[in-house]
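J.: Encoded as structure tokens, here's the structure I'll be asking about.
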Amino acid sequence: MSEANPAAPVVIVGAAMGGLRAAESLRRSGYTGAIRVVGDELHAPYNRPPLSKEVLATDVTHEAVAFPSRAEMGDVEWMLGVRASAVDLAARTLTTDDGNVQEWRALVIATGLRARRLDFAPIAGRHVVRSLDDAMALRAELTVGARVVVVGSGFLGCELSATASKLGCSVTIVTPSVEPMIRPLGDLVAKEMRRRLNAEGVEIFSGVTVAAINGGASVESVELSDGRVIEADVVIESVGSDCNIEWLEGSGLDLSDGVLADNAMRAVTADGRARDDVYVVGDIARFPNPMFDDVPRRIEHWNIPTDTGKRAGAVLAAHLADDGSFDDVVAKPFAPMPSFWSNQFEIKLQAYGLLGLVSDDDIRILEGDLADQVAVGYYRDDRLVGVLGVGMKAALLPYRKQIAEGGN
Amino acid sequence: MIKIEVDMNQCQHYGQCVFEAPDNFKLNDDDKLEYVAEAPDSERDNIEAAVDVCPMQAIRIVE
């Protein structure tokens, strides 16, 4: 491998929240050299969660969701509307889909996820919600009286159902799961969520998949695996996501689920070596979190791009400074608290930790009443690893502290 | 002195800021956010972290 060219920029691939936070962190950590951010969307970084909630219910504009630009970011170069197509870790180059080959001094991988699609022919009325453009396209079709079928019952699907319902659409959820949000929340809470969503007028067809999407110029109906047919004007597909790793194939990195990183967010090669000049941030990063154990996991929670971006920026800045601080910075504890929230109608969910680590037998009500306000604990080996509040916030804080301290 | 502004129309009282800058942000007994609009310069890193973690991006440092 050749020596890195110190005149080449740090190239951050992915211009969403994780890439932004990595760039900011490099600057705050004292790196003054060139930074270039390459992203396939034309929009400057913006906040995604409102796209399924507040913003979708009103006017969808970039201004409403754009992250503020900080003064120290003034000389960062943004190369937007360009997609990474290949990387050479030995030559330290990045190839983009416009044919350009650019040299980098260090690389930050922040290409995130994309919405998975159902495998049916394209037809007007089919939607996903991942990007601002997706949300704009969907918003135009959520008119009063529109018949909406939401495929999938994760948080995103349930939020979109609530938002569409509040806009006056009639909403049906179609899901292969037994209960909505059952994978993260567990059976006990998921059953209660079904009751509440039903009470708000959302119909849920569970244990079924979509067999066909029928229509002429646009969607007219959705045919289910059990033969039922639901009339529909709009189909929203919220059936999970895939990692944007195609551009990294053949690079030598471990791509077995996202991109493997160590606790310093350094990318790890297939033969198990961490690269001091290649970092991974955001929900594409599979990294170990000592708050729980040493198992590397991808965490698709909103706070993770910020936490991992800051960590990667600080470690990379120390590497580039070459002032002897690197080992100390790497050794600093990094154990970000996963957190998420979800608003559906008046149901306000908030959680800390990793609820999905736990089996149904280890979910216990900590405080309150499941049918009203409740705090639910998720235990692994008798240690608290997750807490969920329904309509409870401040009451969760002692449990959050307990999780951070190892769950005892 | 740092001046802080929270857009209370945006704020959904998630309380993420409370962990980053507990001297300036807290959730009251009704789970609503309360905040102190001024902070000493020594708190800048914490306030900026609070700005970053706000899910609604409702917090702003007034420069």
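The values are calculated or read from the model by the stated rules, or taken from the named source; none is laboratory data. This structure is a prediction, so every number in the text was calculated from the model and none was measured. Here the Cβ is made from the backbone with ideal geometry for all residues, glycine too, and neighbour counts use every protein chain on show. For the accessible areas, the whole protein counts, side chains as well, though only heavy atoms, and no ligand, DNA or RNA atoms are used. Shrake-Rupley method; radii C 1.70, N 1.55, O 1.52, S 1.80 Å.
J.: Considering only helices (runs of 4 or more DSSP H) fully contained in the range A:9-104, which possess at least 1 residues that are in contact with a Ser or Thr (Cβ under 7 Å, 6 or more places away or on another chain)?
T.: A:17-28, A:54-57
J.: Looking at A:VAL144, is it assigned to a loop (DSSP other than H, G, I, E, B) and either open to solvent by less than 60 Å² (accessible area, probe 1.4 Å) or in contact (Cβ under 8 Å) with a residue 12 or more places away in the chain (or both)?
T.: So A:VAL144 fits the description; yes.
J.: Go through the range A:206-236 and report how many residues are open to solvent by 60 Å² or more (accessible area, probe 1.4 Å), in contact (Cβ under 8 Å) with a residue 60 or more places away in the chain and either in a strand (DSSP E or B) or aromatic (Phe, Trp, Tyr) (or both).
T.: Here the count works out to 1.
J.: If only one of B:GLU5, B:GLU43 is open to solvent by less than 70 Å² (accessible area, probe 1.4 Å), among the acidic types (Asp, Glu) and not in a loop (DSSP other than H, G, I, E, B), which one is it?
T.: Every option except B:GLU43 fails the conditions.
J.: Scan the range B:46-60 for residues that are within 11 Å of chain A (Cβ to nearest Cβ) and either open to solvent by 30 Å² or more (accessible area, probe 1.4 Å) or within 10 Å of B:GLN16 (Cβ to Cβ) (or both) and jot them down.
T.: B:ALA49, B:ASP52, B:VAL53, B:CYS54, B:PRO55, B:MET56, B:GLN57, B:ILE59, B:ARG60
J.: Determine whether the range A:240-253 contains at least one residue that is modelled with pLDDT of 95 or more and within 14 Å of chain B (Cβ to nearest Cβ).
T.: no
J.: Could you tell me whether the range A:67-78 includes any residue that is more than 22 Å from A:ASN343 (Cα to Cα), crowded, with 16+ Cβ neighbours inside 10 Å, away from chain B (no Cβ under 14 Å) and without any contact (Cβ under 8 Å) to a residue 60 or more places away in the chain?
T.: yes
J.: Can you name the condition, by its number, that A:GLY99 falls short on among (1) modelled with pLDDT of 90 or more; (2) of a type outside the set (Ser, Thr, Tyr); (3) at negative phi?
T.: With (1) modelled with pLDDT of 90 or more; (2) of a type outside the set (Ser, Thr, Tyr); (3) at negative phi applied to A:GLY99, the lone miss is (3).
J.: On to the next question. Residues being surrounded by 23 or more Cβ atoms within 10 Å (Cβ to Cβ) and of a type in the set (Gly, Ala, Ser): count how many of those fall in the range A:26-42.
T.: Residues that pass the stated criteria total 1.
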